[in-house]
């Protein structure tokens, strides 16, 4: 009797669950900015939806927010710089072009997915991975869009099965945070860029990941450092010469110099130099370094420890040594 009752109760619960399914919902905390952070819709902001979408996802994977319009503008323009390191200036970019930017220069990765389904995109969001959507803008029917423009890009940051909507970070207006598009709208509007015929462009999406994978070995700026090495050395992954001293980042690392600091600019008459390999402080004068022989000598010259300039061991070794200061 006990067994029969348990089975009956289980069957009842199971049937109720089938009759009233629980609707799934998830929202990722993707920071938002309009592609025109000051609401001034001129270039470069007018056509910055691709760069802004990448910037928002980048801040999400960094775990940081967007601190106002100045922060947003700097971040968006940096994505422009990354893009221009790979290709000439243009207004609209395909999904594959933007994936190339991500994979070469940013500390996460992305891939183009052909004909993605609603379930595939929901699975990505369930895993905490935002999805970037290229779209035929008129098919989105967004009431906040200004004027006609054929191509757009936005970020899926969640979904709501009860409403049958994707939750989006749409940079196309100042009202784009947690904007809702129905599943059917996104699927209809999703088209990769096709010059003159965006509405006929392939159905594609950009799937993102916090994992670098094989992209860690790419060298987008051709300076001899991989993406992983760029971040390890604190260099700018889209600049051949991060510190502007005339030497490529890879060459400097190879020979023991600091690629992210223009050491030649700080080694100048009157500089107080120090390096990691030696506790000695040197005074630079007439092309030579002179050991400051004691703390009392240091203070006699009216110097303070805040005046010290750190240089690499290689730079310090390259400077001829003169007589010490006593």
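The values are calculated or read from the model by the stated rules, or taken from the named source; none is laboratory data. The shown structure was predicted, so the numbers you read here are calculated from the model rather than taken from an experiment. Virtual Cβ from ideal backbone geometry, glycine too; neighbours counted across all protein chains shown.
Summary table
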read-out	value
Per-region count, the stretch 292-326, residues part of a loop (DSSP other than H, G, I, E, B), in contact with a helix residue (DSSP H, G or I) (Cβ under 7 Å, 6 or more places away or on another chain) and in contact (Cβ under 8 Å) with a residue 40 or more places away in the chain	2
Strands (runs of 3 or more DSSP E) wholly inside the stretch 194-291 containing at least 3 residues that are in contact (Cβ under 8 Å) with a residue 40 or more places away in the chain and surrounded by fewer than 19 Cβ atoms within 10 Å (Cβ to Cβ)	none
Any chance residue 55 is in contact (Cβ under 8 Å) with a residue 60 or more places away in the chain and either within 14 Å of residue 176 (Cβ to Cβ) or assigned by TED's automatic domain parsing to the domain that holds residue 100 (or both)	no
Conditions (1) part of a loop (DSSP other than H, G, I, E, B); (2) under 21 Å from residue 31 (Cα atoms); (3) without any contact (Cβ under 8 Å) to a residue 12 or more places away in the chain; number of the one not met by residue 123	(1)
